[in-house]
Every structure is written in C-alpha cells, then in structure tokens.
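The values are calculated or read from the model by the stated rules, or taken from the named source; none is laboratory data. On a predicted model such as this, the values are computed, not experimentally measured, just so you know. With ideal geometry, Cβ positions are generated from the backbone for all residues, glycine too; neighbour counts draw on all protein chains shown. Calculation scope for accessible area: heavy atoms of the full protein, side chains included, ligands and nucleic acids excluded. Shrake-Rupley method; radii C 1.70, N 1.55, O 1.52, S 1.80 Å.
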Amino acid sequence: MIERKDNKLWGGRFERAPDARFDAFQRSFAFDRRLLPYEIAVDRAWAKALAPIGIFTAAEVKQTLAALDKLAAHAESDPTWVDSFGADAEDVHHFVEKALVEELGPLGWKLHTGRSRNELVATDFRLFVIDAAAEIKRGLLALVGALLAQAKAKLGVPMAGMTHLQHAQPILLSHFLLAHAEAFARDVTRLQSAATSADACPLGSGALAGNSFAIDRVAIARDLGFSKVTANSLDAVGDRDFALDYLFALSGIATHLSRLAEDFVLFASQEFSYLILPDEYSTGSSLMPQKKNPDAWELIRGKAGRITGALVSLLTTLKGLPTSYQRDLQEDKEALFSAHDQVADMLAVATGAIKTTGFRDDNLRGKAENPALLATEAADYLVRKGVPFRQAHDLVGKILKEAERQNKLWTDLPLDDLRKISPAIESDIAKSLTLEAALSSKKVPGGTALESVRAAIADLESRLPKEASAK
C-alpha cells in the first residue's frame, strides 16, 4: 500500500504546495459543510453499491457504514469538532474522507473508487434543494393559512380597492387578503416544480464520462430517494438548472412577500390607517417616542432584492461556462443557501405579523363608502337601460364634472340634474348607488361579492393540505 504524505484528494503530479492565499481562496468547506448530511447519505449508498461489483467485501461495507454512522453522530453532537477537524479540509468531500481514513485507515480511501467530486457535489446539492423546497413549502402553507384565517375573520368588511394607488371600486377586505393568498399558492406550485427538477441522481456520472465499474445507478438512486437517474453524464456534472429553478421559485416568493409588505406599510400609515401594527412585529424610534414603525414589513420588502440578486448571480455564473463541470460552479451554493435562509425567515415573520395584525374596520368601511367609488356602478346602470357602455362612461364623467362644479357629492345631485345629462336615468338609480349594491353585484366566480368570496375561501382551502387550511 502506498503511503500518502498529505491528506489531499489530489496532488500526486504536483511538486510544490499551493500558494497559501490561493489555497484559502479555493476552499469551500466553510459553506459546503452544510451538505454534510447529504454527503454521508451519498457515501452510504456508494459503499453499498461497491460490494456487488467486487470493490468492497461485505466486511468492508459494514466497516465503512459503521464509520459513516459514527461520523454523522459525532458531527451532530459536537459541531465544534467539525470546525476543528475540518480546519484544513478543502470541501465537504475532503472532510468526510479525512474522517474515514482516521477511523478506518487505508480502507477510507477505497470508498472514492470510480467517483468524482463533480458528481458528488451535484448529487448532494440536488438532495439539499429537494429538502429545502419542502421546508419553504411548509412556510408558505403557514402563511396562506394565516391569510385565510384573517379572510374568514373579516368576511364582510369592505374597503376601497385601488388601481394606480387611486381609489377605484369597493371590494371586501377578505377579497384583498385572498388575492395575496392566491399568489402564494402559485409559489407552492413553483416550489414543487423545482423539487421535481432536482429529482434525478447524477451518481455514476464520474467526472464527465460515466463510471467504469458497471455500478448500478438505478439502485443508488432508489437508495437515496431519487425517482430516476440523470440521462447524460456530461450534462449531469455541469447542470445547475435545478438550482436556477429553486432560486426562481424563491424569487417569486420574495417578490410576492415584498408586494404584501408594501401594502401593509401603506395601510399602517396615518394617511390610510387601515390596520394596527402588532407590537411583536414593530419597532420604535430612538428619537421620537410616539413612533411605531412597520419594520418587519420594511425588512421583508428590502430583503427581497437579495433573493433576486442570488438568482441573477447564478444566471451570470452559468451563462458563459463550457459544457461539463467547471470550478466556477463552486459559486452556486453560497447565494442559494443564503436565499433559502432569508426566505424561510421572511415567511416566518410575515406569517406571525399577519396573524397578529388588527384591522380598523370602521376606517376601511369609511373609505369604501366614498361615492366616487360608485361611478362604475352608475355606468353599469345606464348600460342596463340600453345605453352603450362607452357612451355611458362619458355620461357619468359629465355627471361627476357637474358635481364638482356644484361642489357636491355626485350622489347628492337632484334627479332633474342627472336627467339633463342622461334622460335614461330614473329614480331607481338610487338602488344601484350603494356600497352593498356595488359589492353584491360582483357575483361572478372570483368576484368580490360576499357569496363569491365565501366560495373562493372554500376553493382555496380545498386546494391546500388540511394542515394549512385549518390554521
């Protein structure tokens, strides 16, 4: 047996040691140590796969599996040991081999037969993304559940719906909350798609050309929980589309969280005064004693840029790479890990803030009762009287202009004044010009009528796991 004088995974053809600054620069264990549980799982599957092809004896498989179990238990119980033992590890793969050699001697080197770090990191990373997507999905479902709970609690409370940040038509507060819930429900679908994208096992791809030892790739994939193996070894080691898919899903979540945050920041202002900020998710001013700031929402809005940045960063890294594995791909993990952690925190904070926010029902109703929001109802009234919509639109605009001239609410104009503008207007118009009439008229599926919103709540609950809709 040749005795190795260093503990690197490479180096036989090198005469001089790496430059110290470069050596530190090229190490990735500081962040890819997060993949340690997946690396150990992959190593277990590989050890079992080496026996049928005669590389490992049954005894060697047993010894290797026991050593891997011991390593996993040690790392979980004593994180400081990981720091000290991994101080000179290049990456998570190097760390595990070092630990195995210390435990098993030269047998620890045997596990790497037929393998490349290129396929190892691709496999570890895919397993991480699958688990990460499941974690974020749980956070998303909790947020949707919180929005559903508020929508149920506030069913029937009206508010002024807006376009262009201008009051437009009355809607129900529950309708507004469900609009955000629907966006997050779409994010669940994107997360599931990202997990599906990651669900292919690269092991057996080697560095780029495949495996020389007739390894059973399907058995390895099944052992690790993958539904299939990758189709092309060259593609498998360089593919990071699954990471892009996951970052795109995270970016969508962050964008939707940012839009929700923007709404709540506005609604918490004195100008709107639609909601009461919960103490648990607000901060004060170091100078102004009266301040209560929506910092939870502002930070969510601010952090969204970091998630989009992570996606753009990986896209930029990938765009010029030649086919197969390149060391540039070491840059794929830090941004994704950070984006995952940030979105997990953003979802948890948003969920807590939604649950504890109070709404000022009277203020919401007061803005919804502004007669200006009923202008479309007046146009619809004229359409029902046989007036073409474009003409009805113009006639109502003239009514509004006349009300401005008289310095009155347009709903207070005498019937005679209204009939001068349109003889089609009759006394029954008053029945159309109420908040309740405006809301109840929107009975279509997806509309803001009370019965439609009730149906929307039931529909959304039916599309979610029971644990989410019950919250």
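Here are a few things to note about the model shown:
- The single residue among 258, 273 that is crowded, with 18+ Cβ neighbours inside 10 Å and either in contact with a Cys (Cβ under 7 Å, 6 or more places away or on another chain) or among the hydroxyl-bearing types (Ser, Thr, Tyr) (or both) turns out to be 258.
- Within the stretch 196-219, considering residues that are part of a helix (DSSP H, G or I) and touching an Asp or Glu at 6+ places or on another chain (Cβ under 9 Å), the one least open to solvent (accessible area, probe 1.4 Å): 198
- Helices (runs of 4 or more DSSP H) lying entirely in the stretch 349-433 (those with 2 or more residues that are open to solvent by less than 20 Å² (accessible area, probe 1.4 Å)): 361-368, 375-384, 389-406
- Any hit, the stretch 286-298, residues being in contact (Cβ under 8 Å) with a residue 60 or more places away in the chain and of a type in the set (Asp, Glu): no
- Here is the figure for the stretch 166-184: residues that are open to solvent by 60 Å² or more (accessible area, probe 1.4 Å) and either in contact (Cβ under 8 Å) with a residue 60 or more places away in the chain or touching a Phe, Trp or Tyr at 6+ places or on another chain (Cβ under 6 Å) (or both) total 2.
- Unique match (being touching a Ser or Thr at 6+ places or on another chain (Cβ under 8 Å) and not in a loop (DSSP other than H, G, I, E, B)) among 47, 75: 47
- Tally of residues being in contact (Cβ under 8 Å) with a residue 12 or more places away in the chain, open to solvent by less than 80 Å² (accessible area, probe 1.4 Å) and assigned to a helix (DSSP H, G or I) across the stretch 306-340: 19
- Which listed residue is of a type in the set (D, E, K, R), part of a helix (DSSP H, G or I) and closer than 30 Å to residue 49 by Cβ, from 135, 182: 135
- Qualifying residue in the stretch 18-30 (condition: surrounded by fewer than 19 Cβ atoms within 10 Å (Cβ to Cβ), within 23 Å of residue 131 (Cβ to Cβ) and at pLDDT below 95): yes
- Any hit, the stretch 229-243, residues being aromatic (Phe, Trp, Tyr) and over 21 Å from residue 324 (Cβ atoms): no
- Among the residues of the stretch 91-108, those identified as in contact (Cβ under 8 Å) with a residue 60 or more places away in the chain and either part of a helix (DSSP H, G or I) or surrounded by fewer than 21 Cβ atoms within 10 Å (Cβ to Cβ) (or both) are 92, 93, 94, 95, 96, 97, 98, 101, 106.
- Taking first residues from the stretch 111-125 that are over 14 Å from residue 238 (Cα atoms) and modelled with pLDDT of 95 or more and partners that are among the polar types (S, T, N, Q) and part of a helix (DSSP H, G or I), the Cβ contacts under 7 Å between residues at least 6 apart in sequence or on separate chains come to 111/64.
- Of all residues in the stretch 245-282, those that are over 15 Å from residue 352 (Cα atoms), of a type in the set (Gly, Ala, Ser) and more than 9 Å from the chain's Cα centre (by Cα) total 4.
- Residue list for the stretch 116-159, restricted to those being closer than 30 Å to residue 371 by Cα and under 17 Å from the mean Cα position of the chain (by Cα): 147
- Taking the criterion of being open to solvent by less than 40 Å² (accessible area, probe 1.4 Å) and over 16 Å from residue 204 (Cα atoms), the residues of the stretch 39-71 that qualify are 40, 56, 60, 61, 64, 65, 67, 68, 71.
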